[in-house]
Each structure stands twice: as structure tokens, then as C-alpha cells.
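Peer 1: One structure, as C-alpha cells, below. Some questions next.
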Amino acid sequence: MDKDGSFVIMDYKQLVADALAPTMADTLSADDIYKKIERPKDSSMGDYAFPTFTLAKTFRKAPQQIATDLVEQLDQSKFEKVQVAGPYINFFLDKAAFSADILAQVSAQGADFGQNENGKGGNVPIDMSSPNIAKPISMGHLRSTVIGNSIAEILKKNGYNPIKDNHLGDWGTQFGKLIVAYLKWGNEDDVKKDPITNLVKYYVKFHQEDKEHPELDDEAREWFKKLEDGDAEAHRLWSWFRDESLKAFNQIYDKLGVTFDTYNGEAFYNDKMQAVIDELKEKGLLKESQGAQVVDLSKYDLNPALILKSDGASLYITRDIATAVYRDKTYHPAMNLYVVGSEQMYYFQQLKAVLTEMGLASAKDLHHIPFGLITVDGKKLSTRSGRIILLDEVLDDSIAMAKKQIAEKNPDLPNKDEVAKQVGVGAIIFGDLKNERMNSIDFNLADQLKFEGETGPYVQYARARAESILRKAADVTPAGENATINDPEAWETVKTLADFPAIVEEALADFEPSDIAKYSIRLAKAFNKYYAHSKILADDAEKPARLALVKSVSTILKESLRLLGVQAPDEM
RNA sequence: GUCGCAAUAGCUCAGCUGGAUAGAGCAACGGUCUUCUAAACCGUAGGUCGAGGGUCCGAAUCCCUCUUGCGACACCA
């Protein structure tokens, strides 16, 4: 936050553009120059670079020559040095001034560093997680949950107000089957003891039995009809299954450290669908086709959206339209986000098109945030086929692995269990978020349980070591305003710290938590390298400045992890 | 069949709005703990960026065609 405007990051790229502008006032505008400035991949080529290829035609000279000429003309006083490297002009920043500036900002702002108000407090409902009642939470749900949760944190960091909505699958014909199965083969105590396992057992048994006893399907249909008509017994059972399932889900959410603002599942919208259908009719959007009611979307180059089945029953999209209308009225959203698998991309195009046709205000800012499929041996997960990976088991395996690591590496650690949980769960969340959303993942437990290299624990470990140094240096106060570091080993770390605010904006623009995860690895790596090559606690004049750097790194690593929904233990 | 997503080192992936010799991590091999936690650091080896065209001073990146894999294509969600 720019508390009083004095902490606005100095734009060092602008500094470069300003230096170049007078040398070619007739050829390129300051703005064009700014856009052409790049960041070299390697520090040996400077901190910023200006390529001269494009000027070759206008100047009718070789790019190398242009670079040489320009450097002779420009004011180098604000830089450590300016060098010609072939067709490039490389700018080296004044390290002392730059690091003092950055460290002062991070020290003053702490975890608020990188906070912006771009969102102006706008509401952003996020449709996420969405498990089905009476079914287990699998690795498939992990993605929606963890991506949605991270995007919510990133939204806040950009000044929006996210509303995390767990759109539970709590309605549908399967509840008729479940009620029948429960009444025939179930019992109360088992459901209370382990709701998901037992409810799934009943459901599976129903499907086995109905092959030989097709009359079971009629019973199930009857019970679902009763449920829809508000029958007391049907409703009591449905509501109980829902509560018990939710209790079980919440244990997993607790473990993940994810909370929700609302749990408006499908059932919540039951009484809101008729109004939607009426509105569609009023606006003349509904057309009959093969006995069903559809909205024609040919002008969007999409297939028609089927709103009502030929028997008059509603469909998933009917409910989703009602949901969008409800969110529009309730929240006046700045954006409307759906964190749902990529297999539904086409569907969300249709949904958005229908809402646009209806003239819904928030339709244009509806964003489907798709993610790649999790498979096992290259095949899709499915509860029915038994090809399922239970999220809870994976989390427990990972926590157990973390415990083992602690026993080997740091047996005297206090709070072992808590740290093992933070590290184990962190590894799973980070592992999911570090790659681009759209990549599909073929599940492999061994890959998930890696704690070395570019992983969550790697980032956590880097921060734990930073904290350890700060504990040992308790007698020295880190420098605030005047933290000048001349140590060249520290330079990469300082520069990486300065990148954080831009990464926060980029991650939101792309809806990519992986931008944050990759950044955190980059910062941890830079710090680890610094740590390995410098004696931070050496007693000399720069010690307070080095500690300011360590403190800043710790702050930003923790903040990056927080944006991902990963915890950061002080010791591990 | 139509549309969408993908293809980069043995494996898993980065490569920003096209730019300087294509980078990491695992795995392999070799170093570094009497000094701030070795879950770390340093080094060696490993690639016709799926194939072929095109645009450009310059293409892993943009355009076209093809191949392969995955997914979606109205009465499931």
C-alpha cells in the first residue's frame, strides 16, 4: 500500500528510457523506447538492455555502429556503467542506490509490499472446489480448490474482494438412489462414523443390485420426485447426507487450510430457475427444437444451448444461469470466475453467450479458468471405475514423508507434527500450483512426495534458514532506510525482490498462481546462492544491511507462499 | 467429421508482448558440512525446440499445412 505515496517503486526502466530519449529525439518517442527495453537473461549483460536492430534502416548504419554512437551521446551519470555489446546497449544500475531503495521499501511495508488497489474493492465471486455430496474428494478436486484459493489471495493482493463459493453438487437423481440404498442396506451409525465411505458403498451396491432388480430404479425415481416435492422424510435424509458429507469435506479443507465464504450448492438454486426460464421466454430467446427448449447461439458460432429437456426438466446450464443471475444481483461482480476443468471450455463459452444474450451486466467479465486433467496411467479418474486417488490419502502420505524427513534431518525440532503438516501439505499444494494450469498431470505419488529441488519444501527451507539467521542475530537490528549493500553476491537477490509487485499483477492478469510459485523458487534460489557464498553474520559495517536483506527475503518468501495457500514454518 | 488444448534434455517442466551461446529441477557422475539448518551450494554430461513451409534484420515464440496425444461436440455435470 502506498501509505503516503512515498513508497512508490522507482521505475528503473524509465531511468534507462530517459537516458536514451534525447539521443534519438527525432526517430523514436520516449514511449517506444521504453517498450523496446529488455531484461537480459544474464547479469553479466547488465540489468537492462536496448537493442538497436530496428534503427538500422532509419539510421542506415549497422546496429553495432548505432549502439556505439548512442552510448557516446547519452548521459551515463545515473548508472554504474553503460556498455556496448554488439547491437545491444547494456545498462548496469547503481547497485548501492537500487538496493537501498528496495530494502527500505520492503522493510517499511513488510508483507504489504506488492499490494496494489487496481481492483478498487470490486467483488469477485469464484466458483471453485465443488465436490459432489456422498462422493469422495479426489486429486481432481484438489486443482479447483487450490487454484481457486490462490487466485482469491492474489485478487486481494490486487485490491479485489474475492468471494469463494463452494458450488456443491448436492442435487440430482443420484439422491433418489442413495435414499433407496440407505433405507435398504444402510445404518445410521456407519454413516456417522465414516459418511463418505459408507454412502459410496450404498451407492455402489445400488448399481450392482439394480442390474438384477430394475424395479429399484423406479423406487429411486419416486424418492427423487418426493425430494423435489418437499417430502419431509426425503428432505431429512438428503439434508443429513449433505451435513455428514460436508463434515467430512471440511476435515480435508482444514488440512489444506482452505476456507469458503459460501456453500451455495446446486440445491440452493432450485427455486431460482423458474425465474430464469421466464426471463428467457420474455426476451424471446427460447426456441423449440426436437421437443426441447434451446437458446440459439449461431451468431457466436456455437451450438445451441439446451435449457429444458423434452420432458421439461432443467439441465446443468439452467442452474448455472440462475447462479450467474443470482451472483450478479447479490454482488454486482467486477469479475465472475469459474475454476473448472478444461474439459468444460466449450460449455462455458455457451454459458457466457447465453448470459450475454440475456444482457447480464457481469457476463462480459465472466472468466472460465480451466485447468488440465489429472490422469492415472494416462486415463481419466472416475469414481465408478475405481480409478480414483483420494486427496486425503495423498495428503497423509505426504505428511508422513515430511515426518520421516524431520526425523532424519532435524530430530530436535519443536512442533514436529505441526511442521510436518505444513511441509507435507505445502509440498502437495505447491506441486499442483507450480506448473501452468493447463498442463495435464499424470498422477505419480513418488513425484508428489519429492521435497528437493524446485518444490514447496525448498522454498520453505530457504525461508526457515533466513529466519534462523535472524534469530541468531537478535542483538543487531536490521537496517531500515539506509541499507546499502555493495556485496555483488547479493545483487541477484535484491533485484528479484524488486520484481515482486510486477509478478503480483501478472499472476492476476493471467489467472496463473504458477507465476507466483515460479517467482518464489527464483527468489529462494537467489537467496540460497547468496547464503552459500556470503557470511551474513560477519561483523562489519554492512551487517545491518545484510540482515535487512535477509529479513526482506523472509517476508517476501512467506508472502509468496501465502498467496499460494502454503504455510511457512519458522524452523524445519 | 468439426472445434479446442498440447508436443522443448532420459523423466518433469521454464522460456514474458519474437531478440544476444535454448534454461531449471529430478535422475547420472564428481566436488563442498571444525564457521549462519547439506530439505542446501558448486561442477560435468545431456536438445535437428513433433515435421514441413511462410513472415521478419532475427522465430521455441507469430501465420499456414501435416503428424501424434488428450478433450469437447444438445436432452450428464
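Peer 1: Do we have any residue at all in region A:342-364 that's within 8 Å of RNA strand B (Cβ to nearest atom) and in contact (Cβ under 8 Å) with a residue 60 or more places away in the chain?
Peer 2: Checked against the condition, which is being within 8 Å of RNA strand B (Cβ to nearest atom) and in contact (Cβ under 8 Å) with a residue 60 or more places away in the chain, region A:342-364 yields at least one hit.
Peer 1: Are there any pairs, at least 6 apart or on different chains, whose C-beta atoms fall under 7 Å, with the first in region A:452-478 and under 12 Å from A:LEU561 (Cα atoms) and among the basic types (Lys, Arg) and the second open to solvent by less than 80 Å² (accessible area, probe 1.4 Å) and more than 6 Å from RNA strand B (Cβ to nearest atom), and if so, which?
Peer 2: Going by the 7 Å Cβ cut-off, the qualifying pairs are A:ARG463/A:SER554; A:ARG463/A:LEU557; A:ARG463/A:ALA568.
Results for (1) near RNA strand B (Cβ under 10 Å from one of its atoms); (2) outside any loop (DSSP other than H, G, I, E, B); (3) surrounded by 23 or more Cβ atoms within 10 Å (Cβ to Cβ), shown as yes or no for each residue.
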site	(1), (2), (3)
A:ASN486	no, no, no
A:PRO501	no, yes, no
A:ALA524	yes, yes, yes
A:ALA541	no, no, no
A:PRO544	no, yes, no
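Peer 1: With A:VAL276, A:VAL354 as the choices, which residue is of a type in the set (A, V, I, L, M, F, W, C) and at pLDDT below 95?
Peer 2: Of the residues listed, the single one that is of a type in the set (A, V, I, L, M, F, W, C) and at pLDDT below 95 is A:VAL276.
Peer 1: Name the single residue that is nearest to RNA strand B (Cβ to nearest atom) among those in region A:405-453 being closer than 21 Å to A:ASN149 by Cβ and either among the acidic types (Asp, Glu) or touching a Cys at 6+ places or on another chain (Cβ under 8 Å) (or both).
Peer 2: For region A:405-453, the residue satisfying everything is A:GLU436.
Peer 1: Would you call A:LEU413 in contact (Cβ under 8 Å) with a residue 24 or more places away in the chain, surrounded by 14 or more Cβ atoms within 10 Å (Cβ to Cβ) and assigned to a loop (DSSP other than H, G, I, E, B)?
Peer 2: The answer is yes for A:LEU413.
Peer 1: Can you pull out the helices (runs of 4 or more DSSP H) entirely within region A:155-217 that have at least 3 residues that are within 16 Å of RNA strand B (Cβ to nearest atom) and not hydroxyl-bearing (Ser, Thr, Tyr)?
Peer 2: Ranges flagged: A:174-185.
Peer 1: Another one. Let me spell it out: the conditions are (1) open to solvent by less than 50 Å² (accessible area, probe 1.4 Å); (2) assigned to a helix (DSSP H, G or I); (3) small (Gly, Ala, Ser), and A:ALA479 meets all of them except one. Which number is the exception?
Peer 2: Just one mismatch for A:ALA479, condition (2).
The values are calculated or read from the model by the stated rules, or taken from the named source; none is laboratory data. All figures in this text were calculated on a predicted structure; none of them were measured in a lab. Note that each Cβ is placed from the backbone with ideal geometry, even for glycine, and that neighbours are counted across all protein chains shown. Ligands, DNA and RNA are stripped out before the accessible areas are found, and what is left, the full protein with its side chains, is counted by its heavy atoms. Shrake-Rupley method; radii C 1.70, N 1.55, O 1.52, S 1.80 Å.
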